[in-house]
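The values are calculated or read from the model by the stated rules, or taken from the named source; none is laboratory data. None of these values were measured; they are calculated from a predicted model. Using ideal geometry, Cβ is built from the backbone for each residue, glycine included, and neighbour counts are taken over all protein chains shown.
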Amino acid sequence: MQNLSSQNFKNDFVHTFPGDDSGKLQIRQTPGQLYSKAIPTPVQKPFLLGWSDGLAEKLGIQKPNDLDVEILGGNHITPSMLPYAACYAGHQFGNWAGQLGDGRAITLGEWETPGGETWELQLKGAGLTPYSRRGDGRAVLRSSVREYLMSEAMHYLGIPTTRALSLVSTGDQVMRDMFYNGQPAFEPGAIVLRASPSFLRF
């Protein structure tokens, strides 16, 4: 078992495919690139709310120490991490939407398990990326709790899905129109660390 802050990450995706390594987070088109370097935007006070012991055991990750919680909140990047947001395109609501991409998800890198598998670890709600479009790159606690619980519930029901390793509150407030009635209000922010053998999409 290793801490997130102590094991070296692999970065086969960014070493294999063309990408934009400028680190600029301005929203823009990135033709011909499969990813853009994206450093998570720091948060005020990350606090661990949820941890999946089952997934952690499978991945060989120890329960987080204080530095690991900073990683889970997007406040710390280790030297072996090459965080990025993936670029992809597709249809939405039956129409071709053109370039989409990870608008609020940032992949930290690839984690090698004790069994020799490689899993991508990704922070959802970690801040702006070049693909955020009209969004702010953040996630709120209510939707993050839902994703964290349902991802693990679906897995244990035998339904293939991405996994959720952790749920962290950020200490920040995020503006959202919860009921889509034109009355936005501040809500607590949160970040989920998602895990999958691959987040590559076509």
Would you confirm whether or not the stretch 73-93 contains a residue that is crowded, with 19+ Cβ neighbours inside 10 Å and over 26 Å from S143 (Cβ atoms)?
yes
When residues of the stretch 167-198 are filtered for being at pLDDT below 95 and surrounded by 13 or more Cβ atoms within 10 Å (Cβ to Cβ), how many remain?
0
Being in contact (Cβ under 8 Å) with a residue 40 or more places away in the chain, within 22 Å of L25 (Cβ to Cβ) and either assigned to a strand (DSSP E or B) or not acidic (D, E) (or both), is that true of even one residue in the stretch 146-168?
yes
Exactly one of T129, T170 is hydroxyl-bearing (S, T, Y) and more than 28 Å from D12 (Cα to Cα), and that one is T170
Enumeration of residues in the stretch 1-36 that are of a type in the set (S, T, Y) and either outside any loop (DSSP other than H, G, I, E, B) or out of contact with any strand residue (DSSP E or B) (no Cβ under 8 Å at 6 or more places or on another chain) (or both)
S5, S6, T16, Y35, S36
Taking the condition of being within 22 Å of G116 (Cα to Cα) and not in a helix (DSSP H, G or I), how many residues in the stretch 37-93 meet it?
12
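Yes or no, residue by residue, for (1) among the hydroxyl-bearing types (S, T, Y); (2) within 28 Å of A89 (Cβ to Cβ); (3) in contact with a helix residue (DSSP H, G or I) (Cβ under 8 Å, 6 or more places away or on another chain):
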| position | (1), (2), (3) |
| --- | --- |
| G158 | no, no, no |
| T161 | yes, yes, yes |
| D177 | no, yes, no |
| G189 | no, no, yes |
| R201 | no, yes, no |
Residue identified as surrounded by fewer than 17 Cβ atoms within 10 Å (Cβ to Cβ), touching a residue at least 24 places away in the same chain (Cβ under 8 Å), part of a loop (DSSP other than H, G, I, E, B) and not aliphatic (A, V, I, L, M) among R134, R201:
R201
Counted residues, the stretch 140-189 - those being of a type in the set (G, A, S) and more than 25 Å from Q62 (Cβ to Cβ)
5
Out of curiosity, is L128 buried (at least 20 other Cβ atoms within 10 Å of the Cβ) and either part of a strand (DSSP E or B) or in contact with a helix residue (DSSP H, G or I) (Cβ under 9 Å, 6 or more places away or on another chain) (or both)?
no
With the condition kept exactly as written, say whether any residue in the stretch 140-154 is in contact with an Asp or Glu (Cβ under 9 Å, 6 or more places away or on another chain) and at positive phi.
no
Taking the stretch 22-51 and the residues there that are touching a Gly at 6+ places or on another chain (Cβ under 6 Å) and among the polar types (S, T, N, Q), the one that is surrounded by the fewest Cβ atoms within 10 Å (Cβ to Cβ) would be Q44
Could we say that R104 is among the charged types (D, E, K, R), in contact (Cβ under 8 Å) with a residue 40 or more places away in the chain and within 28 Å of F179 (Cα to Cα) here?
no
